[in-house]
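Taking it in order: structure first as structure tokens, then the write-up.
The values are calculated or read from the model by the stated rules, or taken from the named source; none is laboratory data. Source: prediction; values computed, not measured. Cβ coordinates were reconstructed from backbone atoms using ideal geometry, including for glycine residues, and neighbour counts include every protein chain displayed. Note: accessible area is taken over every heavy atom of the protein model, side chains too, but ligands, DNA and RNA are not part of it. Shrake-Rupley method; radii C 1.70, N 1.55, O 1.52, S 1.80 Å.
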Amino acid sequence: TTFRDLHKPGQPFILANAWDIGSARVLKSMGAQAIATSSAAHAFTLGRPDGLGVSRDEALAHAEDLVAATGLPVQGDFENGWGDDPDTVAET
């Protein structure tokens, strides 16, 4: 299933946020069809503040870890895309 396939008019799905691999696996075991990252939750697990407290590379690696651990589509909470211009955001 792709993330896009889950978007069906009149059939909403729940997209829960995982803060680490363990919570992602729990969400999958509860029937999640996809999961999302949380910039705040990820930053807090590292003892950092939300609001760009995590680098772009760390956030992307975190999302990759959740995909690898669950095989589910993962939507990323990537703050401002680590840029103020469209090209930088698109690169993220």
Study note, to complete from the structure: About its Cα centre, the chain carries a charge dipole, from +1 on Lys and Arg Cβ atoms and -1 on Asp and Glu Cβ atoms, whose size in debye to the nearest 20 is 600 debye
**Study point:** Cβ-Cβ FRET estimate between residue 1 and residue 44, R0 fixed at 25 Å, reported to 0.05
**Key:** 0.25
Study note, to complete from the structure: With bins of 10 Å, the percent of all Cα-Cα pairs of segment 7-63 per bin from 0 is 23, 44, 26, 7
Point to revise | Where segment 1-47 is the region considered: accessible area per residue in Å², 1.4 Å probe | key: 67 Å²
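Quantify, in whole percent, the carbon and sulfur part of the accessible surface of the chain (1.4 Å probe; protein heavy atoms only).
On the way: 3070 of 5710 Å².
Summing carbon and sulfur atoms, their accessible area is 54 percent of the total for the chain.
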Revision key, fill the gap. Under the Karplus relation with 6.51, -1.76 and 1.60 and θ = phi - 60°, whole-Hz ³J(HN,Hα) for segment 25-34, x at Gly and Pro, equal 5, 4, 4, 4, 5, 8, x, 4, 8, 7
Practice item. Work out from phi, with θ = phi - 60° and the Karplus expression 6.51 cos²θ - 1.76 cosθ + 1.60, the ³J(HN,Hα) of each residue of segment 69-84, listed in order in whole Hz, and give x for Gly and Pro. Key: 6, 10, x, 8, x, 10, 8, x, 8, 10, 6, 9, x, 6, x, 9
Exercise for review: Determine the calculated [θ] at 222 nm for the chain from helices alone, applying -39500 (n - 2.57) to every DSSP H run no shorter than 4 residues and normalising by the residue count; nearest 500 deg cm²/dmol.
Suggested key: -11500 deg cm²/dmol
Exercise for review: Scan around residue 17 for amide H atoms under 5 Å from its own, H built in the peptide plane at 1.01 Å from N, and keep only partners 5 or more places away or cross-chain.
Suggested key: 36
